[in-house]
1. Name every residue in the stretch 104-117 that is within 19 Å of Arg167 (Cα to Cα) and either in contact with a Phe, Trp or Tyr (Cβ under 6 Å, 6 or more places away or on another chain) or of a type in the set (D, E, K, R) (or both), in order of residue number.
2. Do the conditions hold for Ser158, that is, is it modelled with pLDDT under 95 and among the hydroxyl-bearing types (Ser, Thr, Tyr)?
3. Taking the options Thr168, Thr197, name whichever one is in contact with a strand residue (DSSP E or B) (Cβ under 6 Å, 6 or more places away or on another chain), within 23 Å of Ser78 (Cα to Cα) and among the hydroxyl-bearing types (Ser, Thr, Tyr).
4. Could you count how many residues in the stretch 90-109 are of a type in the set (A, V, I, L, M, F, W, C) and under 15 Å from Val195 (Cβ atoms)?
5. Please tell me if Ala192 is surrounded by 20 or more Cβ atoms within 10 Å (Cβ to Cβ), modelled with pLDDT of 95 or more, small (Gly, Ala, Ser) and closer than 22 Å to Leu77 by Cα.
6. Pick from Leu82, Leu98, Leu118: which is buried (at least 17 other Cβ atoms within 10 Å of the Cβ) and out of contact with any Ser or Thr (no Cβ under 7 Å at 6 or more places or on another chain)?
7. Return yes or no: is Arg105 under 19 Å from Ala187 (Cβ atoms), under 26 Å from the mean Cα position of the chain (by Cα) and either surrounded by fewer than 13 Cβ atoms within 10 Å (Cβ to Cβ) or of a type in the set (Val, Ile, Thr) (or both)?
8. Every residue in the stretch 121-139 that is surrounded by fewer than 20 Cβ atoms within 10 Å (Cβ to Cβ) and in contact with an Asp or Glu (Cβ under 9 Å, 6 or more places away or on another chain), please.
Amino acid sequence: MIRFAVFKAAATVLIGALLATACGEKQPVLKPQAPEGVGSQRPPTVSGGTGVATPPPPTAAPDPRPVPPEPIREELLSSASLDDLNRNSPLKPVFFELDSADIGRDGQVVLDENGAQLKRSSSWIVTIEGHTDERGTAEYNLALGERRAVAARAYLISIGIAAERLRTVSYGKEFPFDPGHDEASMAKNRRAHFVITAK
């Protein structure tokens, strides 16, 4: 009877020790595997045996800012034909208010840039075309277009462009840039337009 009690006690201690050892061991954490055929996406990892999946590191978002066009290279300008130059002209138009030939601040900025280009391309001869919107008589618009072209020419001369390189012509309302009849369209037609006529 004593032997059975000792055996029972020893067996209890042994079973308790085995249970304690089994319960105290940490089980290895298995990392999930991506299914076959899935691209190179990284699966979420399980951190520290907690069973909580951590998301993959964020990828950099694309830059939403537009990339400015490359500046026109001078060697391309010198080798381009007159048609190509005028199709992709480095000389920008100047826009005017209704019934006005006054050059505003925005127009001065454009003319300063055009003047800098004309100084770099010192052999170019340019015709400045004066245009108007559709309102008013043909005679009135021809005169207004001429005043606009002359105003742009005078500004360019004032910043150092030789007068003999700059010609003017008025087309009035005859050749609209935008054929629409709303105010936004007509604002595009009130302009001094630059055409390279010789290089």
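1. Of the stretch 104-117, the ones within 19 Å of Arg167 (Cα to Cα) are 107-108, 110-117.
Scanning the stretch 104-117 gives Leu111, Asp112, Glu113.
2. Working: modelled with pLDDT under 95: no; among the hydroxyl-bearing types (Ser, Thr, Tyr): yes.
When the stated conditions are applied, Ser158 does not pass them.
3. Values: Thr168 fails: within 23 Å of Ser78 (Cα to Cα).
Answer to the selection: Thr197.
4. Of the stretch 90-109, the ones of a type in the set (A, V, I, L, M, F, W, C) are 91, 94-96, 98, 101, 103, 109.
Still in the list and also under 15 Å from Val195 (Cβ atoms): 91, 94.
Total meeting the criteria: 2.
5. Working: surrounded by 20 or more Cβ atoms within 10 Å (Cβ to Cβ): yes; modelled with pLDDT of 95 or more: yes; small (Gly, Ala, Ser): yes; closer than 22 Å to Leu77 by Cα: yes.
The answer is yes for Ala192.
6. The match here is Leu118.
7. Details: under 19 Å from Ala187 (Cβ atoms): yes; under 26 Å from the mean Cα position of the chain (by Cα): yes; either surrounded by fewer than 13 Cβ atoms within 10 Å (Cβ to Cβ) or of a type in the set (Val, Ile, Thr) (or both): yes.
For Arg105, the condition - under 19 Å from Ala187 (Cβ atoms), under 26 Å from the mean Cα position of the chain (by Cα) and either surrounded by fewer than 13 Cβ atoms within 10 Å (Cβ to Cβ) or of a type in the set (Val, Ile, Thr) (or both) - is met.
8. Answer for the stretch 121-139, where residues must be surrounded by fewer than 20 Cβ atoms within 10 Å (Cβ to Cβ) and in contact with an Asp or Glu (Cβ under 9 Å, 6 or more places away or on another chain): Ser121, Ile125, Arg135, Gly136, Ala138.
The values are calculated or read from the model by the stated rules, or taken from the named source; none is laboratory data. Computed from a prediction, not measured in an experiment: that's the story for all the values here. As a convention, Cβ positions derive from the backbone with ideal geometry for all residues, glycine included, and neighbour counts pool all protein chains shown.
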